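The values are calculated or read from the model by the stated rules, or taken from the named source; none is laboratory data. These figures come from a predicted structure and were not determined experimentally. Cβ placement follows ideal geometry from the backbone for every residue including glycine, while neighbour counts extend to all protein chains displayed.
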Amino acid sequence: MNSCLQNDAVRSTPDADDLELAEFIRQHPKLFVLTGAGCSTASGLGDYRDKNGQWKRRQPITGQIFIGDEAARKRYWARSSVGWPSFSQALPGLAHHALMELQLQGRLVSLVTQNVDSLHQKAGHRNTVDLHGVLATVSCIDCAQALSRDDFQARLLAANPWLSSLTAQHAPDGDADLEISDLNTMQVPACTHCGGLLKPDVVFFGENVPREKVQQAMSALASADALLVAGSSLMVYSGYRFCLDAQKRGQPIVIVNNGLTRADSLASLKIQGDCGQRLSTLAALVAS
């Protein structure tokens with residue numbers, strides 16, 4: 001087996017938590033894995049919450065506001081036009097590669113992610129359940145015609161060349177900390193098929209995860225030995241629900257996260273620390 005892990009990613013001397021985590025995984029070889037933003041921070045992508053699970057910044061735009069408020073929608077796309085280039089060029093980190101290694105070892109029943117960055121796919125994962133969708137595509141809310149986010153970016157900049165000169169600090173999910181007072185002249189591209197409103201293929205804050213995705217994930221969880229949560233505070237119910245379901249089934253839960261989570265009281269094992277480092281060491285330990 002060709003390892004996708006870098007040698008310097010693995011602790012020369014695993015600590016007690018590393019060894020306990022490895023033993024847990026050996027005893028539960030069929031894992032349902034749920035990942036969150038903590039898996040992607042090492043790739044340069046921000047997260048919304050601090051180690052105590054509290055918001056670091058204002059809450060993201062809701063789907064209702066995006067669709068119903070033209071000014072807010074323009075503001076979203078202006079900020080996204082700045083954040084998208086670096087977001088789309090992000091590369092998988094240690095956590096993504098380590099989970100790919102565990103998949104190659106045959107230990108994953110399913111990988112479900114709350115992230116919208118497609119970094120698991122870039123690391124080689126297939127059949128990943130993108131619980132909250134992906135930012136890489138945009139679709140019309142009326143006719144469902146889709147296009148790539150890169151194509152939308154080209155259309156957006158062609159209609160608003162001044163956006164190319166903007167700079168700002170990057171924020172989570174391809175956003176940017178950008179404040180512009182007057183966006184009246186901004187033109188947002190419409191669907192070329194029906195003229196409808198285009199929306200990123202993600203579940204915005206306040207929207208529901210599509211039922212079929214939840215059912216697909218729950219079915220996979222039912223066939224697993226245990227639930228492994230990596231890099232998520234689980235403060236959003238869409239992810240927390242899997243912990244509740246695992247508890248009802250009597251399935252053990254192991255959490256690897258740098259901070260508090262909503263499901264700490266449900267966990268059979270909680271490992272503090274950086275997801276990339278912990279998972280890389282884990283993959284090496286259980287491979288030997």
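Scanning segment 98-156 for residues that are in contact with a Leu (Cβ under 9 Å, 6 or more places away or on another chain), closer than 30 Å to residue 283 by Cβ and of a type in the set (Asp, Glu) gives 101, 117. Against the numbered list (1) touching a helix residue (DSSP H, G or I) at 6+ places or on another chain (Cβ under 7 Å); (2) touching a residue at least 60 places away in the same chain (Cβ under 8 Å), residue 261 comes up short only at (1).
Quick test for you: out of 198, 178, 269, pick the one residue that is modelled with pLDDT under 95, more than 21 Å from the chain's Cα centre (by Cα) and surrounded by 16 or more Cβ atoms within 10 Å (Cβ to Cβ).
One residue alone meets the criteria, 178.
None of 35, 62, 41 is of a type in the set (Ser, Thr, Tyr), touching a strand residue (DSSP E or B) at 6+ places or on another chain (Cβ under 7 Å), surrounded by fewer than 21 Cβ atoms within 10 Å (Cβ to Cβ) and modelled with pLDDT of 90 or more except 62.
Would you confirm whether or not segment 11-19 contains a residue that is surrounded by 14 or more Cβ atoms within 10 Å (Cβ to Cβ) and at pLDDT below 95? Yes, segment 11-19 contains at least one residue that is surrounded by 14 or more Cβ atoms within 10 Å (Cβ to Cβ) and at pLDDT below 95. For segment 210-228, the criterion of being buried (at least 19 other Cβ atoms within 10 Å of the Cβ), out of contact with any helix residue (DSSP H, G or I) (no Cβ under 6 Å at 6 or more places or on another chain) and free of Cβ contacts under 8 Å to residues at least 40 places away in the same chain is satisfied by no residue at all. Tell me, please, whether a residue that is at negative phi, among the hydroxyl-bearing types (Ser, Thr, Tyr) and touching an Asp or Glu at 6+ places or on another chain (Cβ under 8 Å) can be found in segment 120-128. No - not one qualifying residue is present in segment 120-128. Taking segment 76-97 only, how many residues are of a type in the set (Lys, Arg) and at pLDDT 90 or above? Within segment 76-97, residues that are of a type in the set (Lys, Arg) and at pLDDT 90 or above number 0.
Among helices (runs of 4 or more DSSP H) entirely within segment 174-288, having at least 1 residues that are among the polar types (S, T, N, Q) and farther than 17 Å from residue 18 by Cβ singles out 211-222, 237-249. For residue 260, are the conditions met, namely being crowded, with 24+ Cβ neighbours inside 10 Å and assigned by TED's automatic domain parsing to the domain that holds residue 99? It is false that residue 260 is crowded, with 24+ Cβ neighbours inside 10 Å and assigned by TED's automatic domain parsing to the domain that holds residue 99.
Residue-by-condition table, conditions (1) under 19 Å from residue 88 (Cα atoms); (2) at pLDDT below 95; (3) within 26 Å of the chain's Cα centre (by Cα):
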residue: 128; (1), (2), (3): yes, no, yes
residue: 134; (1), (2), (3): yes, no, yes
residue: 139; (1), (2), (3): yes, no, yes
residue: 145; (1), (2), (3): no, no, yes
residue: 153; (1), (2), (3): yes, no, yes
residue: 157; (1), (2), (3): yes, no, no
residue: 165; (1), (2), (3): yes, yes, no
residue: 168; (1), (2), (3): yes, yes, yes
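Determine, yes or no, whether residue 285 is touching a Ser or Thr at 6+ places or on another chain (Cβ under 8 Å) and not β-branched (Val, Ile, Thr). So residue 285 does not fit the description; no.
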